[in-house]
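> I'd like to ask some things about the structure below.
No lab work stands behind these numbers, since they all come straight from the coordinates. Treat the numbers as computed from the prediction; the structure is a model and nothing was measured. Positions of Cβ are generated from backbone atoms using ideal geometry, with glycine treated the same way; all protein chains shown enter the neighbour counts.
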Amino acid sequence: MPPQMLMDLTQLDLNSVQHDRDGIRKLNPHRHEMEQLTAIVHIDKEENVSVAYKDISEQEFWVRGHMPGYPLMPGVLMCEAAAQLAAFHSTICNLLKGDFVGFGGMDEVRFRGMVRPGDRLLIVVKLLKIRTTSRAVFAFQEFVGDVMVCHGKMFGVPLSMNEEGSSR
């Protein structure tokens with residue numbers, strides 16, 4: 001059974017883009033094939049909820065090789081999309097100390113549907129717990145249309161860059 005909805009999605013205006021790809025790039029370090037967000041459409045700093053989407057195209061790097069003839073978005077990329085939204089939320093809300101937020105782990109992840117080229121994957125994250133020096137815990141849910149296709153919990157961890165540019 002899917003979990004309770006993190007927010008009422010009928011209240012969203014998906015055409016009201018708050019941050020496009022260029023805006024997302026200002027806070028998230030991901031580039032090229034690893035960019036898993038198209039736009040951020042909702043940020044609620046009081047409730048600690050953010051919503052974004054990824055438009056899935058035929059040009060995704062995985063389409064050719066992940067189930068040829070019946071391409072499905074890999075679950076790991078669905079999780080990565082949620083992690084990128086949680087990192088963006090953590091950064092814009094100044095939740096964690098560090099230069100950027102890394103993907104620290106996941107729990108209770110379930111895949112409940114397919115994501116295919118032509119779909120819009122809607123991603124919702126909500127902060128559950130925070131320790132500003134060590135980690136943030138988020139619940140996440142993902143939808144295609146009104147179908148929840150993935151949900152779980154994830155951990156974001158603060159990362160800092162040393163003078164050589166590698167993470168510590």
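> Grab the other residues whose beta carbon is less than 11 angstrom from that of Gly145, score K and R as +1, D and E as -1, and report the net.
Once all neighbours under 11 Å are counted, the net charge is -1.
> What relative contact order, as a whole-number percentage, does the chain give when Cα pairs under 8 Å and 6 or more residues apart are counted?
22
> For the residue pair Met7 and Phe111, what label-to-label distance in nm results when each label sits 7 Å from Cα along the Cα-to-beta-carbon direction?
Going by the 7 Å Cα→Cβ label model, 2.7 nm.
> Computed over the Cα atoms, what is the radius of gyration of the chain divided by 2.2 N^0.38 Å, N being its residue count? It would help to have the intermediate numbers written out before the result.
Numbers: Rg = 15.4 Å, N = 168, 2.2 N^0.38 = 15.4 Å.
With N residues counted in the chain, Rg over 2.2 N^0.38 Å equals 1.00.
> Is there a quick way to get the dipole size of the chain? I mean about its Cα centre, with the Cβ of Lys and Arg at +1 and of Asp and Glu at -1; what is the value in debye to the nearest 20?
Numbers: 18 positive and 21 negative charges, 88 e Å.
Dipole of the chain, to the nearest 20 debye: 420 debye.
> Another question about this same structure. When the helices in the chain are scored as -39500 (n - 2.57) per DSSP H run of 4 or longer and the sum is shared across all residues, what 222 nm value do you end up with, to the nearest 500 deg cm²/dmol?
Rounded to the nearest 500, it is -4000 deg cm²/dmol.
> Sticking with this one: Based on alpha-carbon centroids, what's the gap between region 23-50 and region 67-85 in Å, whole number please?
First find each Cα centre; the distance between them is then 17 Å.
> Given the alpha-carbon gyration tensor of region 1-68, what are the semi-axes of its equivalent ellipsoid in whole angstrom, ordered largest first, with each equal to the square root of 5 times an eigenvalue?
Working through the eigenvalues yields semi-axes of 25, 18, 11 Å.
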